[in-house]
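Notes follow the structure.
The values are calculated or read from the model by the stated rules, or taken from the named source; none is laboratory data. This one's a predicted model, so the numbers in the text were calculated from it and none came from an experiment. Note: ideal-geometry Cβ built from the backbone for every residue, glycine included; neighbour counts use all protein chains shown.
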Amino acid sequence: MRRMNIADFIIIIFIIGGILVLASKLGTFGLSLGQGEEIKMRKAVIVLEVEDVREATVNALKIGHIVLSEETNSPIGPIIEMTVTPYMDEIETVDGKIVFSEVPGKYTIIVSLEASLLERETGYFAEGITEMKVNSIFKFYTKYVSTSGRIEEIDLQ
Amino acid sequence: MKLINKKGMVFEKISIVDVIIILVIIAIGYYAITFLTTKDVNKISKQTIQYTFETEDVNENFAKQLQLEGNLYNSSKNYFVGKLIDYKVLPYEIIVPDLQNGVFIKQVVEDRFVVRMTIEANTDQDDYNIRINQENIKVGAMFPIKGKGFASYGYIVEIKEVVK
């Protein structure tokens, strides 16, 4: 049998290394190993604040619709609750006061989604793919609407 | 001819080590393709919709160029996006702060208008998307539109499914 030379060893090590890097980047390292490692998938409610939107967006977002990430195109979960309030913005009046006032025709929507989050040391990943972090801007869509909001809360169940 | 001879050659042509390397590369490729391609193959259905496309801050001549039953296109990609079946012309209003009273008010801009076009099109739909050719139709989506004699940017503000 032909002996393996150093070049063969190097190639095999590179290939194995490539498999390991690919698997860990795709977030399936724990899942693919699966032996003795606890997979921490947890149910969570993610609360988003969608600000300064028109009535068209309010009407197009509906409870039950599935939200997807615009970045990864993967589903996050269904909308379970929505609260709509007038959008308020600040005005500096002529006497130097800062007041908050309603902006006509604009709204703030608090959207709650149900999601399954993979808990890793570095963060929470919806369906193991999309990273969710409080205070980050999250661009998302449903079948009928495309918008963005700030993640206000990740409530682990 | 043996499968593997004493020298470790498969069918006396290629080293067993090379065969192992090739099989590992094929396995990586298979893994990458199956993982990265869409797992849930959504069923595509055909459905006619009417959607409202709104463009604002246009002059009075814009609406004069609109033709009912005229074809409309994405003006940068040239995709067909539907037929114009209706339109409304409304005053263009902007929101300004009333610094005296500390409130926001709407003010009409003279000689400028908002045009809302109702467009009908056949779409391909799955669980997450509505498409006309390669144009994603979603409320809040912005794209440039053109017809015979006009072009503008605007937003989709409403989508309705048509039952025929």
Quiz item: Looking at segment A:57-84, which of its residues are free of Cβ contacts under 8 Å to residues at least 12 places away in the same chain and at negative phi?
Solution: A:59
Exercise. Go through segment B:116-164 and count every residue that is in contact (Cβ under 8 Å) with a residue 60 or more places away in the chain, within 11 Å of chain A (Cβ to nearest Cβ) and among the charged types (D, E, K, R).
Key: 6
Quiz item: Could you list, in sequence order, the residues of segment A:66-80 that are within 10 Å of chain B (Cβ to nearest Cβ) and either touching a Cys at 6+ places or on another chain (Cβ under 8 Å) or in a loop (DSSP other than H, G, I, E, B) (or both)?
Solution: A:73, A:74
Quiz item: Based on what the data block shows, is residue A:116 of a type in the set (Gly, Ala, Ser), more than 13 Å from every other protein chain (Cβ to nearest Cβ) and within 13 Å of the chain's Cα centre (by Cα)?
Solution: yes
Quiz item: Hey, does segment A:128-136 have a residue that's without any contact (Cβ under 8 Å) to a residue 12 or more places away in the chain, among the charged types (D, E, K, R) and out of contact with any Ser or Thr (no Cβ under 9 Å at 6 or more places or on another chain)?
Solution: no
Exercise. Working only within segment A:81-106, note down all residues that are more than 9 Å from every other protein chain (Cβ to nearest Cβ) and either in contact with a His (Cβ under 9 Å, 6 or more places away or on another chain) or surrounded by 13 or more Cβ atoms within 10 Å (Cβ to Cβ) (or both).
Key: A:82, A:84, A:87, A:88
Quiz item: Out of all the residues in segment B:108-117, is one or more closer than 30 Å to residue A:97 by Cα and at pLDDT 95 or above?
Solution: yes
